[in-house]
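Everything on this sheet refers to the single structure shown next.
Computed from the coordinates by the stated procedures, all read-outs in this text should not be read as laboratory data. Bear in mind that the values here come from a model prediction, so they are computed numbers and not experimental data. So basically every Cβ, Gly included, is an ideal-geometry build from the backbone, and we count neighbours across all protein chains shown.
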Amino acid sequence: MCFYCLVPSPSIFRCVRPGTHSLLLNIGSSLDNISYNARINSLGQLVYEDVNIPGLSSYSPTKPYPIKVVAVNLKDRRTFSFPLGVILDFYPSQSFTIFPNDSILAINGPGVVGLIQFWDLNNGKLLGNINDSTNYSNIAVSPDGAMFVGLSEKNLLTIFNVQGLRAKLVSKIPLKSKQFTVNHKGNITFLSFTPDHQVLATASEDKTIKLWDVNTGTLLKTISEHKNTVTSLAFSPDNKTLVTSDKDGKIMVWRND
């Protein structure tokens, strides 16, 4: 894959708040509620993090504030809330993901090392979990819903086979997995599969984005044009465009030709 930058100096692109990638703001009941990290699946189910920060003008990143995950079924407007604990800084926690073709929400935690919970978005009930000694700090699901990845300490990635996940959870069938370590000089901030689910992209505090072969763990490409922590990334559905953002609020667009 050969990505190149279409916007060599994209400083005109600015996020609402530099360093964040907020998708939805003030969905909550008051201006003190910040909602971000929103995701929607093909079934029209929206999930976002709701952070209650009393007095936004006096916000301090060193003080924890309660956050929760909210799921909304857009067709019938049913809403379910899932506890997520507390947040210690203003950046998205990247601790939940929604399966694209199934009504399943995966949450990292809350507050328990090695616990990933899977919730039914149709009724708000717990389906099952992954519970081991691994401290997962970031999770993501492939676009086809067949692979699920968890990031743990020392940049170790565990990729689970979650094809037919709902049935496996009901029958309590262990999920098969494989692991490989990704080489970044800083903490990983974001994970994303390509639309063809053959490549996993990792963004990092070391200002780089790296592309990895999902099957072998081989490094395919390193992108190092950002001048600050890379905060998020997204692929276009046709797999030809990659968009990345950093802590300075800059957005870069890359083409795969």
Segment ARG166-LYS68, extension gain: residue separation times 0.36 nm, minus the distance between their alpha carbons: 32.9 nm
Separation in nanometres of the label points that stand 7 Å from Cα toward Cβ, at ASP248 and HIS197: 3.7
Cα shape, segment 98-177, gyration tensor, a/c 1.5 rule: prolate
Calculated FRET value between THR218 and ASN131, using beta carbons and R₀ = 35 Å, to 0.05: 0.70
Out-of-range pairs (alpha-carbon distance over 26 Å; input LYS68/LYS207; LYS185/LYS227; LYS154/LYS247): LYS68/LYS207
